[in-house]
Amino acid sequence: MRFMMVMIPRVYQPDTPPGEKAGDGFAPPAEAVAKMMKFNEELAKAGALIALDGLHPGSKGARVSFAGGKPQVTDGPYIEAKEVIGGYWMIEAKSKEEAVGWARRCPAADGDVIEIRQVFEVSDFPQDVRNAADNPTVRAHVEKRKAS
């Protein structure tokens with residue numbers, strides 16, 4: 001089973017005091033990155049790691065919301081946001097409990113949160129949904145990306 005572990009760092013949250021918040025030019029401390037890379041290496045050596053990336057603060061992003069059939073773009077930061085994603089891991093695990101076990105080993109900072117979500121597989125859906133999701137162009141592109 002595939003699981004996405006989503007990092008919700010304290011330094012990206014709206015209720016974090018201004019002096020502790022990630023702003024323009026933000027970079028995590030090298031020591032924290034080194035600890036995180038050791039964790040990432042453990043995931044890789046165990047054969048659990050599929051993909052991972054860190055994300056810039058929400059102040060550099062945009063949201064596209066949909067209402068009345070029209071998209072509306074809002075540039076960051078998002079005042080109404082309660083939690084802002086800072087990065088993710090895509091992992092392979094035998095169960096949710098195994099994925100939780102990996103998240104518990106993460107060298108996260110005080111106030112950080114990791115949310116764990118199982119990824120839908122096509123086989124999880126009824127046949128009519130599988131048929132609707134079968135797109136040869138998309139399938140070929142994803143398979144090509146996996147091979148590279």
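Tabulated data
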| quantity | calculated |
| --- | --- |
| Segment 42-148: GluC sites (Glu not before Pro) in DSSP coil with no more than 12 other Cβ atoms inside 10 Å | 80, 121 |
| Intensity falloff of segment 37-148 expressed as log10 I(q)/I(0), Debye formula with alpha-carbon point scatterers, at q = 0.14, 0.20 Å⁻¹ | -0.92, -1.23 |
| Selection of trypsin sites (Lys or Arg not before Pro), segment 1-88, meeting DSSP coil and at most 11 other Cβ within 10 Å | 82 |
| Ranked 84, 100, criterion: other C-beta atoms within 10 Å, fewest first | 100, 84 |
| Simple spin-label estimate for residue 109 and residue 135 in nanometres, 7 Å along Cα-Cβ | 3.8 |
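Values in this text are rule-based calculations from the coordinates and carry no lab data. Computed from a predicted structure; not experimentally measured. Ideal geometry is used to build each Cβ from the backbone, glycine not excepted, and the neighbour counts take in all protein chains shown.
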